[in-house]
Amino acid sequence: MSSSPTDQLTRQYRMTLDEANLILNVKREESLEQILKNYEHLFKTNSPPPPPEKPMRGKASQPTHSHYLQSKVFRARERIEAERKLQEPSAPPADAQTSPPPSEVPGGGKS
């Protein structure tokens with residue numbers, strides 16, 4: 001049974017492209033710059049806070065971070081980047097554009 005490359009990515013990252021876009025609060029056509037900006041904000045927001053300089057007595061503060069959410073944000077970024085890399089090869093390879101036509105090759109390109 002053969003599956004599409006997008007289905008393979010969904011199984012590999014255990015996340016659909018739509019789910020990744022929802023997690024990072026972006027649209028499919030959003031620029032990579034905006035995606036990374038949202039990723040950085042959400043990743044930092046869910047990171048553990050730095051340890052306090054002076055321990056606070058009495059009132060214990062509740063954690064304001066989530067390793068689970070942080071990992072989902074990370075996986076969402078990976079999934080979107082993988083999908084974009086999959087779509088990149090649709091352009092002709094760079095080396096195909098730089099090679100000269102056979103008529104310009106020394107010897108005329110004929111054997």
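The values are calculated or read from the model by the stated rules, or taken from the named source; none is laboratory data. For clarity, every value in this text was computed on a predicted model and none was experimentally measured. All Cβ positions, even for glycine, are placed from backbone atoms using ideal geometry, and neighbour counts span all protein chains on display. Accessible surface areas use protein heavy atoms only, side chains included; no ligands, DNA or RNA. Shrake-Rupley method; radii C 1.70, N 1.55, O 1.52, S 1.80 Å.
Across Glu19, Glu83, Glu29, Glu53, the residue with the most accessible area heads the list, and the full order at a 1.4 Å probe is Glu53, Glu29, Glu19, Glu83.
For Thr6 and His65, FRET efficiency with R0 = 35 Å and r from the beta-carbon atoms, rounded to 0.05? Provide the component values of the computation, followed by the final result.
Details: r = 32 Å, r/R0 = 0.92.
Once the sixth-power term is evaluated, E becomes 0.60.
With a simple spin-label model that places each label point 7 Å from the Cα along the Cα-to-Cβ direction, the separation between Glu81 and Glu33 comes to 1.9 nm.
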